[in-house]
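Structure record follows, encoded as C-alpha coordinates.
The values are calculated or read from the model by the stated rules, or taken from the named source; none is laboratory data. All values reported here derive from a predicted model rather than from experimental measurement. Here the Cβ is made from the backbone with ideal geometry for all residues, glycine too, and neighbour counts use every protein chain on show. Just the protein is used for accessible areas: all its heavy atoms, side chains included, with ligands, DNA and RNA removed. Shrake-Rupley method; radii C 1.70, N 1.55, O 1.52, S 1.80 Å.
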Amino acid sequence: MGYLPVVLIHAGAGYHSLAKENSYIQLCNLSSKTAMELLKNGSSATEAAVAAMKVLEDSSLTNAGYGSSLSIDGDVECDASMMTSDGYFAAVAAMRCVYNPIVVVHRILNLQHHPPKDGRIPPSFLAGEGATRFAEEQGITLVESTTMVSENATKNFNKYSKIVQQHRGTKRKIEADTSDVSSVKQSADNQLEESSVMDTVGVICMDREGNLACALSSGGIALKHSGRVGQAALIGSGCWVEKNIAVATTGCGEQLMRTLLAKTVSDDLQAASGSCQPVDVFNQTMKSSFIDNPVLVKDDVKLAGAIVLYVNPESSSVELMWSHTTKSMCVSYMTAECTHPQSLVTRLASDKVSQVPFTSSFGLRFEK
(Lines give C-alpha, C1' and ligand atoms only; values in the text may rest on other atoms or scores of the structure.)
Protein backbone atom coordinates (compact mmCIF):
# COMPACT_ATOMS: atom_id res chain seq x y z
CA MET A 1 0.00 0.00 0.00
CA GLY A 2 2.96 2.33 0.61
CA TYR A 3 3.43 5.40 2.77
CA LEU A 4 1.76 8.78 2.64
CA PRO A 5 4.30 11.36 1.39
CA VAL A 6 5.15 14.00 4.00
CA VAL A 7 7.17 17.23 4.01
CA LEU A 8 8.39 18.94 7.20
CA ILE A 9 10.31 22.23 6.99
CA HIS A 10 11.76 24.87 9.26
CA ALA A 11 13.03 28.33 8.33
CA GLY A 12 15.38 28.78 11.24
CA ALA A 13 15.12 29.46 14.95
CA GLY A 14 16.03 32.71 16.66
CA TYR A 15 13.86 35.80 16.33
CA HIS A 16 11.34 36.22 13.49
CA SER A 17 9.95 39.75 13.54
CA LEU A 18 6.18 40.13 13.55
CA ALA A 19 6.48 42.41 10.55
CA LYS A 20 8.04 39.62 8.48
CA GLU A 21 6.08 36.69 9.92
CA ASN A 22 3.72 36.42 6.95
CA SER A 23 6.65 36.53 4.53
CA TYR A 24 8.29 33.59 6.32
CA ILE A 25 5.01 31.67 6.24
CA GLN A 26 4.53 32.29 2.52
CA LEU A 27 8.10 31.15 1.83
CA CYS A 28 7.58 27.94 3.80
CA ASN A 29 4.29 27.36 1.98
CA LEU A 30 6.07 27.59 -1.36
CA SER A 31 8.88 25.30 -0.23
CA SER A 32 6.44 22.69 1.10
CA LYS A 33 4.30 22.76 -2.05
CA THR A 34 7.36 22.43 -4.27
CA ALA A 35 8.45 19.26 -2.47
CA MET A 36 4.97 17.77 -2.26
CA GLU A 37 4.30 18.21 -5.97
CA LEU A 38 7.36 16.09 -6.68
CA LEU A 39 6.48 13.46 -4.07
CA LYS A 40 2.95 13.10 -5.45
CA ASN A 41 4.43 12.48 -8.89
CA GLY A 42 6.64 9.68 -7.59
CA SER A 43 9.93 11.52 -6.97
CA SER A 44 12.21 10.31 -4.21
CA ALA A 45 12.47 11.89 -0.79
CA THR A 46 15.97 13.06 -1.71
CA GLU A 47 14.84 14.81 -4.89
CA ALA A 48 11.97 16.49 -3.07
CA ALA A 49 14.18 17.66 -0.20
CA VAL A 50 16.65 19.23 -2.63
CA ALA A 51 13.87 21.06 -4.47
CA ALA A 52 12.35 22.38 -1.24
CA MET A 53 15.75 23.52 0.01
CA LYS A 54 16.50 25.39 -3.22
CA VAL A 55 13.39 27.50 -2.60
CA LEU A 56 14.68 28.38 0.88
CA GLU A 57 18.22 29.08 -0.36
CA ASP A 58 16.96 31.39 -3.10
CA SER A 59 15.16 33.66 -0.64
CA SER A 60 16.87 36.58 1.05
CA LEU A 61 14.70 35.92 4.11
CA THR A 62 16.73 32.88 5.11
CA ASN A 63 20.30 32.52 6.25
CA ALA A 64 21.18 30.04 3.49
CA GLY A 65 22.48 30.37 -0.07
CA TYR A 66 21.65 33.84 -1.41
CA GLY A 67 21.37 36.34 1.40
CA SER A 68 23.42 34.36 3.90
CA SER A 69 25.00 36.07 6.89
CA LEU A 70 28.39 37.58 6.08
CA SER A 71 31.65 36.53 7.65
CA ILE A 72 33.88 38.96 9.51
CA ASP A 73 35.54 39.58 6.12
CA GLY A 74 32.21 40.43 4.50
CA ASP A 75 32.00 37.22 2.43
CA VAL A 76 29.34 34.53 1.99
CA GLU A 77 30.55 31.05 2.97
CA CYS A 78 27.94 28.30 3.03
CA ASP A 79 27.50 24.96 4.76
CA ALA A 80 25.00 22.30 3.69
CA SER A 81 24.39 18.58 4.14
CA MET A 82 22.04 15.70 3.45
CA MET A 83 21.47 12.35 5.11
CA THR A 84 19.15 9.58 3.93
CA SER A 85 17.57 6.55 5.55
CA ASP A 86 19.69 4.18 3.44
CA GLY A 87 22.74 5.35 5.37
CA TYR A 88 24.32 7.89 3.02
CA PHE A 89 25.61 11.32 4.04
CA ALA A 90 27.10 14.20 2.05
CA ALA A 91 28.15 17.73 2.96
CA VAL A 92 29.97 20.89 1.93
CA ALA A 93 31.42 23.53 4.23
CA ALA A 94 32.76 27.07 3.90
CA MET A 95 31.91 26.95 0.19
CA ARG A 96 31.79 30.11 -1.87
CA CYS A 97 30.36 31.22 -5.21
CA VAL A 98 27.48 28.73 -5.47
CA TYR A 99 23.88 29.95 -5.18
CA ASN A 100 22.48 26.57 -4.13
CA PRO A 101 24.91 24.64 -1.90
CA ILE A 102 22.36 21.82 -1.55
CA VAL A 103 22.75 21.04 -5.27
CA VAL A 104 26.46 20.39 -4.74
CA VAL A 105 25.64 18.16 -1.77
CA HIS A 106 23.19 16.23 -3.97
CA ARG A 107 25.93 15.68 -6.58
CA ILE A 108 28.24 14.29 -3.88
CA LEU A 109 25.44 11.98 -2.75
CA ASN A 110 24.90 10.77 -6.32
CA LEU A 111 28.62 10.12 -6.67
CA GLN A 112 28.49 7.87 -3.62
CA HIS A 113 25.68 5.86 -5.21
CA HIS A 114 27.60 5.68 -8.50
CA PRO A 115 31.32 5.59 -7.63
CA PRO A 116 33.91 6.43 -10.30
CA LYS A 117 35.22 3.45 -12.23
CA ASP A 118 38.83 4.39 -11.48
CA GLY A 119 38.51 2.81 -8.03
CA ARG A 120 38.74 6.02 -6.02
CA ILE A 121 36.50 6.29 -2.95
CA PRO A 122 33.94 9.07 -3.53
CA PRO A 123 33.92 11.86 -0.92
CA SER A 124 31.30 12.49 1.71
CA PHE A 125 32.47 15.92 2.79
CA LEU A 126 34.15 18.69 0.77
CA ALA A 127 35.20 22.08 2.13
CA GLY A 128 36.34 25.48 0.96
CA GLU A 129 38.04 25.75 -2.40
CA GLY A 130 37.79 21.99 -2.94
CA ALA A 131 34.00 22.12 -2.67
CA THR A 132 33.80 25.02 -5.11
CA ARG A 133 36.11 23.27 -7.57
CA PHE A 134 34.00 20.08 -7.36
CA ALA A 135 30.89 22.11 -8.14
CA GLU A 136 32.54 23.58 -11.21
CA GLU A 137 33.67 20.12 -12.35
CA GLN A 138 30.07 18.96 -12.04
CA GLY A 139 28.91 21.72 -14.38
CA ILE A 140 27.32 23.82 -11.65
CA THR A 141 27.49 27.52 -12.49
CA LEU A 142 29.78 29.56 -10.25
CA VAL A 143 28.88 33.17 -9.52
CA GLU A 144 30.74 36.18 -8.26
CA SER A 145 30.62 36.06 -4.47
CA THR A 146 29.27 39.61 -4.36
CA THR A 147 26.09 38.53 -6.18
CA MET A 148 25.20 36.31 -3.22
CA VAL A 149 25.15 39.28 -0.84
CA SER A 150 21.64 40.61 -0.24
CA GLU A 151 20.70 44.10 0.85
CA ASN A 152 19.49 42.73 4.18
CA ALA A 153 22.73 40.81 4.76
CA THR A 154 24.73 43.98 4.14
CA LYS A 155 22.51 45.95 6.49
CA ASN A 156 22.93 43.34 9.23
CA PHE A 157 26.68 43.12 8.65
CA ASN A 158 27.06 46.86 9.13
CA LYS A 159 24.81 46.88 12.19
CA TYR A 160 26.52 43.92 13.88
CA SER A 161 29.97 45.29 13.07
CA LYS A 162 29.08 48.53 14.84
CA ILE A 163 27.78 46.61 17.86
CA VAL A 164 31.02 44.63 18.07
CA GLN A 165 33.13 47.76 17.68
CA GLN A 166 31.09 49.54 20.36
CA HIS A 167 31.52 46.56 22.65
CA ARG A 168 35.26 46.46 22.09
CA GLY A 169 35.63 50.20 22.63
CA THR A 170 33.51 50.19 25.80
CA LYS A 171 35.30 47.11 27.08
CA ARG A 172 38.69 48.81 26.69
CA LYS A 173 37.40 51.85 28.57
CA ILE A 174 35.99 49.75 31.41
CA GLU A 175 39.13 47.61 31.63
CA ALA A 176 41.11 50.82 32.02
CA ASP A 177 38.84 51.57 34.97
CA THR A 178 39.35 47.97 36.25
CA SER A 179 35.58 47.38 36.32
CA ASP A 180 33.52 44.30 35.46
CA VAL A 181 33.04 43.86 31.70
CA SER A 182 30.44 41.08 31.84
CA SER A 183 27.48 43.48 31.58
CA VAL A 184 28.96 45.01 28.43
CA LYS A 185 29.39 41.63 26.78
CA GLN A 186 25.86 40.62 27.73
CA SER A 187 24.47 43.82 26.23
CA ALA A 188 26.23 43.20 22.91
CA ASP A 189 25.12 39.55 22.87
CA ASN A 190 21.52 40.56 23.53
CA GLN A 191 21.50 43.05 20.65
CA LEU A 192 22.91 40.46 18.24
CA GLU A 193 20.42 37.78 19.30
CA GLU A 194 17.41 40.09 19.31
CA SER A 195 17.37 40.73 15.57
CA SER A 196 18.79 37.55 14.11
CA VAL A 197 17.41 34.30 12.77
CA MET A 198 19.85 31.66 13.87
CA ASP A 199 21.77 29.50 11.49
CA THR A 200 20.30 26.60 9.57
CA VAL A 201 17.16 25.97 7.56
CA GLY A 202 16.03 22.36 7.25
CA VAL A 203 13.83 20.03 5.21
CA ILE A 204 12.68 16.47 5.93
CA CYS A 205 10.79 14.43 3.33
CA MET A 206 9.26 10.95 3.26
CA ASP A 207 8.29 9.39 -0.06
CA ARG A 208 5.77 6.68 -0.98
CA GLU A 209 8.32 3.96 -0.24
CA GLY A 210 8.91 5.24 3.28
CA ASN A 211 12.38 6.52 2.44
CA LEU A 212 13.52 9.52 4.47
CA ALA A 213 15.80 12.39 3.45
CA CYS A 214 16.98 15.28 5.57
CA ALA A 215 18.59 18.42 4.09
CA LEU A 216 20.22 21.38 5.83
CA SER A 217 21.71 24.62 4.56
CA SER A 218 23.23 27.61 6.32
CA GLY A 219 25.26 30.74 5.92
CA GLY A 220 26.47 30.37 9.49
CA ILE A 221 26.46 32.86 12.33
CA ALA A 222 26.89 36.57 11.68
CA LEU A 223 30.49 37.85 11.63
CA LYS A 224 31.86 34.31 11.77
CA HIS A 225 35.55 33.66 11.20
CA SER A 226 36.42 32.89 7.60
CA GLY A 227 36.52 29.12 7.18
CA ARG A 228 34.23 28.47 10.13
CA VAL A 229 32.20 25.26 9.81
CA GLY A 230 28.82 24.99 11.52
CA GLN A 231 26.60 22.09 12.49
CA ALA A 232 24.71 22.35 9.18
CA ALA A 233 27.57 20.45 7.57
CA LEU A 234 28.06 17.89 10.32
CA ILE A 235 26.45 14.49 10.78
CA GLY A 236 25.00 13.91 14.23
CA SER A 237 24.84 17.54 15.31
CA GLY A 238 23.06 19.01 12.30
CA CYS A 239 21.19 16.04 10.89
CA TRP A 240 20.56 12.41 11.72
CA VAL A 241 18.45 9.90 9.80
CA GLU A 242 17.60 6.26 10.48
CA LYS A 243 15.01 3.94 8.94
CA ASN A 244 12.17 5.44 10.95
CA ILE A 245 13.36 8.86 12.11
CA ALA A 246 14.86 12.05 10.73
CA VAL A 247 16.09 15.04 12.74
CA ALA A 248 17.22 18.48 11.54
CA THR A 249 18.59 21.05 13.97
CA THR A 250 19.12 24.81 13.93
CA GLY A 251 20.48 27.37 16.35
CA CYS A 252 23.94 28.13 17.69
CA GLY A 253 26.12 25.72 15.74
CA GLU A 254 28.89 25.56 18.32
CA GLN A 255 26.42 24.47 21.00
CA LEU A 256 24.73 21.95 18.71
CA MET A 257 28.09 20.42 17.86
CA ARG A 258 29.09 20.07 21.49
CA THR A 259 25.81 18.38 22.41
CA LEU A 260 25.48 16.26 19.22
CA LEU A 261 21.82 17.19 19.42
CA ALA A 262 20.40 15.58 16.25
CA LYS A 263 21.66 12.09 17.07
CA THR A 264 20.82 12.49 20.76
CA VAL A 265 17.19 13.26 19.91
CA SER A 266 17.05 10.22 17.64
CA ASP A 267 18.68 7.92 20.20
CA ASP A 268 16.28 8.99 22.95
CA LEU A 269 13.21 8.50 20.77
CA GLN A 270 14.39 5.06 19.70
CA ALA A 271 15.15 4.02 23.27
CA ALA A 272 11.72 5.13 24.52
CA SER A 273 9.76 3.66 21.61
CA GLY A 274 6.32 2.53 22.78
CA SER A 275 6.80 3.49 26.42
CA CYS A 276 6.16 7.26 26.23
CA GLN A 277 4.61 9.82 23.92
CA PRO A 278 7.29 10.83 21.38
CA VAL A 279 6.65 14.55 21.93
CA ASP A 280 7.26 14.14 25.67
CA VAL A 281 10.53 12.32 25.02
CA PHE A 282 11.58 15.04 22.58
CA ASN A 283 10.82 17.79 25.09
CA GLN A 284 12.80 16.04 27.82
CA THR A 285 15.78 15.63 25.50
CA MET A 286 15.77 19.32 24.64
CA LYS A 287 15.76 20.14 28.36
CA SER A 288 18.18 17.58 29.76
CA SER A 289 20.54 17.04 26.82
CA PHE A 290 20.70 20.63 25.61
CA ILE A 291 19.57 23.28 28.11
CA ASP A 292 20.88 21.39 31.15
CA ASN A 293 23.79 19.68 29.41
CA PRO A 294 26.96 20.01 31.55
CA VAL A 295 29.05 20.91 28.49
CA LEU A 296 27.03 24.14 28.15
CA VAL A 297 27.14 25.09 31.83
CA LYS A 298 29.26 28.19 31.15
CA ASP A 299 26.99 29.42 28.33
CA ASP A 300 24.52 32.08 29.48
CA VAL A 301 22.33 31.72 26.39
CA LYS A 302 21.53 28.31 24.88
CA LEU A 303 19.91 28.49 21.47
CA ALA A 304 18.57 25.48 19.57
CA GLY A 305 15.69 24.31 17.48
CA ALA A 306 14.87 20.99 15.84
CA ILE A 307 12.26 19.31 13.67
CA VAL A 308 11.59 15.58 13.81
CA LEU A 309 9.72 13.15 11.57
CA TYR A 310 9.14 9.96 13.56
CA VAL A 311 7.62 6.77 12.15
CA ASN A 312 6.27 4.58 14.94
CA PRO A 313 7.83 1.14 14.31
CA GLU A 314 4.82 -0.62 15.81
CA SER A 315 1.91 1.18 14.15
CA SER A 316 3.74 2.73 11.16
CA SER A 317 1.97 6.00 11.97
CA VAL A 318 3.93 9.21 11.53
CA GLU A 319 4.39 12.02 14.03
CA LEU A 320 5.76 15.45 13.16
CA MET A 321 7.38 17.43 15.96
CA TRP A 322 9.34 20.60 16.58
CA SER A 323 11.03 22.30 19.52
CA HIS A 324 13.04 25.44 20.19
CA THR A 325 14.73 27.27 23.06
CA THR A 326 14.86 30.51 21.04
CA LYS A 327 12.36 33.36 20.89
CA SER A 328 10.73 31.93 17.77
CA MET A 329 10.82 29.24 15.11
CA CYS A 330 9.08 29.00 11.74
CA VAL A 331 7.84 25.53 10.75
CA SER A 332 5.72 24.05 7.96
CA TYR A 333 4.31 20.68 6.99
CA MET A 334 2.29 19.14 4.21
CA THR A 335 1.06 15.66 3.37
CA ALA A 336 -0.23 14.18 0.13
CA GLU A 337 -3.75 14.47 1.58
CA CYS A 338 -3.44 18.23 2.20
CA THR A 339 -4.54 20.79 -0.35
CA HIS A 340 -2.41 23.47 1.32
CA PRO A 341 0.64 23.47 3.62
CA GLN A 342 0.28 24.31 7.28
CA SER A 343 2.88 26.91 8.27
CA LEU A 344 3.29 28.88 11.48
CA VAL A 345 5.71 30.77 13.71
CA THR A 346 5.75 29.66 17.34
CA ARG A 347 7.08 31.94 20.04
CA LEU A 348 8.65 31.55 23.46
CA ALA A 349 8.27 34.24 26.12
CA SER A 350 11.45 36.25 26.67
CA ASP A 351 11.84 35.01 30.25
CA LYS A 352 11.65 31.39 29.02
CA VAL A 353 14.34 31.64 26.33
CA SER A 354 17.20 29.23 27.12
CA GLN A 355 15.30 28.14 30.23
CA VAL A 356 12.59 25.79 28.94
CA PRO A 357 11.95 24.49 25.42
CA PHE A 358 8.80 25.16 23.44
CA THR A 359 7.94 21.67 22.18
CA SER A 360 4.92 20.45 20.27
CA SER A 361 3.69 18.19 17.49
CA PHE A 362 1.29 18.87 14.70
CA GLY A 363 -1.03 16.35 16.36
CA LEU A 364 -1.41 14.31 13.19
CA ARG A 365 -0.73 10.65 12.63
CA PHE A 366 -0.88 9.11 9.19
CA GLU A 367 -1.40 5.39 8.79
CA LYS A 368 0.62 3.53 6.18
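Quick check: anything in the stretch 291-303 in contact (Cβ under 8 Å) with a residue 12 or more places away in the chain and open to solvent by less than 10 Å² (accessible area, probe 1.4 Å)?
Step one: list which residues in the stretch 291-303 are in contact (Cβ under 8 Å) with a residue 12 or more places away in the chain, which gives 291, 293, 295-296, 299-303.
Adding the requirement that they be open to solvent by less than 10 Å² (accessible area, probe 1.4 Å) leaves 291, 296.
Yes; the residues of the stretch 291-303 include at least one that is in contact (Cβ under 8 Å) with a residue 12 or more places away in the chain and open to solvent by less than 10 Å² (accessible area, probe 1.4 Å).
Which residue is nearest to Ser59 (Cα to Cα), if the candidates are limited to the stretch 115-149 and must be at pLDDT below 95 and small (Gly, Ala, Ser)?
Ser145
Looking only at residues in the stretch 328-368 that are touching a Ser or Thr at 6+ places or on another chain (Cβ under 6 Å), at pLDDT 95 or above and part of a strand (DSSP E or B), which one is most open to solvent (accessible area, probe 1.4 Å)?
Out of the qualifying residues, it is Arg347.
Would you be able to tell me the number of residues in the stretch 67-79 that are touching a His at 6+ places or on another chain (Cβ under 8 Å) and either open to solvent by less than 10 Å² (accessible area, probe 1.4 Å) or charged (D, E, K, R) (or both)?
So the count comes out to 1.
The conditions are (1) part of a loop (DSSP other than H, G, I, E, B); (2) among the hydroxyl-bearing types (Ser, Thr, Tyr); (3) touching a helix residue (DSSP H, G or I) at 6+ places or on another chain (Cβ under 7 Å), and Ser226 fails exactly one of them. Which is it?
So Ser226 meets the others, but not (3).
Can you run down the residue pairs with Cβ atoms below 6 Å, 6 or more apart or on separate chains, where the first is in the stretch 111-136 and without any contact (Cβ under 8 Å) to a residue 12 or more places away in the chain and within 24 Å of Cys78 (Cα to Cα) and the partner is open to solvent by less than 100 Å² (accessible area, probe 1.4 Å) and not in a helix (DSSP H, G or I)?
Sorted first by the residue in the stretch 111-136, then by its partner, the pairs are Glu136/Leu142.
For the stretch 322-338, state whether one or more residues are of a type outside the set (A, V, I, L, M, F, W, C) and in contact with a Gly (Cβ under 6 Å, 6 or more places away or on another chain). Show your work before the answer.
First pass over the stretch 322-338, keeping only residues of a type outside the set (A, V, I, L, M, F, W, C): 323-328, 332-333, 335, 337.
Within this subset, residues satisfying the condition of being in contact with a Gly (Cβ under 6 Å, 6 or more places away or on another chain) are 324, 326.
Yes, some residue in the stretch 322-338 is of a type outside the set (A, V, I, L, M, F, W, C) and in contact with a Gly (Cβ under 6 Å, 6 or more places away or on another chain).
Select from the stretch 40-66 the residues that are outside any helix (DSSP H, G or I) and surrounded by fewer than 18 Cβ atoms within 10 Å (Cβ to Cβ) and write down the one among them that is nearest to the chain's Cα centre (by Cα).
Applying the filter and picking the extreme gives Ser60.
Looking only at the stretch 229-262, count how many residues are assigned to a loop (DSSP other than H, G, I, E, B), in contact with an Asp or Glu (Cβ under 7 Å, 6 or more places away or on another chain), farther than 17 Å from Gly14 by Cβ and small (Gly, Ala, Ser).
Number satisfying all stated conditions: 0.
Does the stretch 302-335 hold any residues that are among the polar types (S, T, N, Q) and touching a Pro at 6+ places or on another chain (Cβ under 9 Å), and which are they? Spell out how you get there, then give the answer.
Initial filter on the stretch 302-335 (among the polar types (S, T, N, Q)): 312, 315-317, 323, 325-326, 328, 332, 335.
Those that are among the polar types (S, T, N, Q) and touching a Pro at 6+ places or on another chain (Cβ under 9 Å): Asn312, Ser323, Thr325, Ser332, Thr335.
Of the residues Glu21, Glu37, only one is of a type outside the set (A, V, I, L, M), part of a helix (DSSP H, G or I) and either within 23 Å of Gly251 (Cβ to Cβ) or open to solvent by less than 10 Å² (accessible area, probe 1.4 Å) (or both); which? Before you say what the answer is, go through the steps one by one.
Working: Glu37 fails: either within 23 Å of Gly251 (Cβ to Cβ) or open to solvent by less than 10 Å² (accessible area, probe 1.4 Å) (or both).
Among Glu21, Glu37, only Glu21 is of a type outside the set (A, V, I, L, M), part of a helix (DSSP H, G or I) and either within 23 Å of Gly251 (Cβ to Cβ) or open to solvent by less than 10 Å² (accessible area, probe 1.4 Å) (or both).
Assess whether Asn100 counts as being open to solvent by 20 Å² or more (accessible area, probe 1.4 Å), in contact (Cβ under 8 Å) with a residue 24 or more places away in the chain and in contact with a Pro (Cβ under 7 Å, 6 or more places away or on another chain). Spell out how you get there, then give the answer.
Numbers: open to solvent by 20 Å² or more (accessible area, probe 1.4 Å): yes; in contact (Cβ under 8 Å) with a residue 24 or more places away in the chain: yes; in contact with a Pro (Cβ under 7 Å, 6 or more places away or on another chain): no.
Against the criterion (open to solvent by 20 Å² or more (accessible area, probe 1.4 Å), in contact (Cβ under 8 Å) with a residue 24 or more places away in the chain and in contact with a Pro (Cβ under 7 Å, 6 or more places away or on another chain)), Asn100 does not qualify.
Can you tell me which residues in the stretch 105-135 are more than 21 Å from Val229 (Cβ to Cβ) and open to solvent by 50 Å² or more (accessible area, probe 1.4 Å)?
Correct list: Asn110, His113, His114, Pro115, Lys117, Asp118, Gly119, Arg120, Ile121.
Report whether or not Val181 is β-branched (Val, Ile, Thr) and modelled with pLDDT of 50 or more. Walk me through how you get there before you give the answer.
Values: β-branched (Val, Ile, Thr): yes; modelled with pLDDT of 50 or more: no.
It is false that Val181 is β-branched (Val, Ile, Thr) and modelled with pLDDT of 50 or more.
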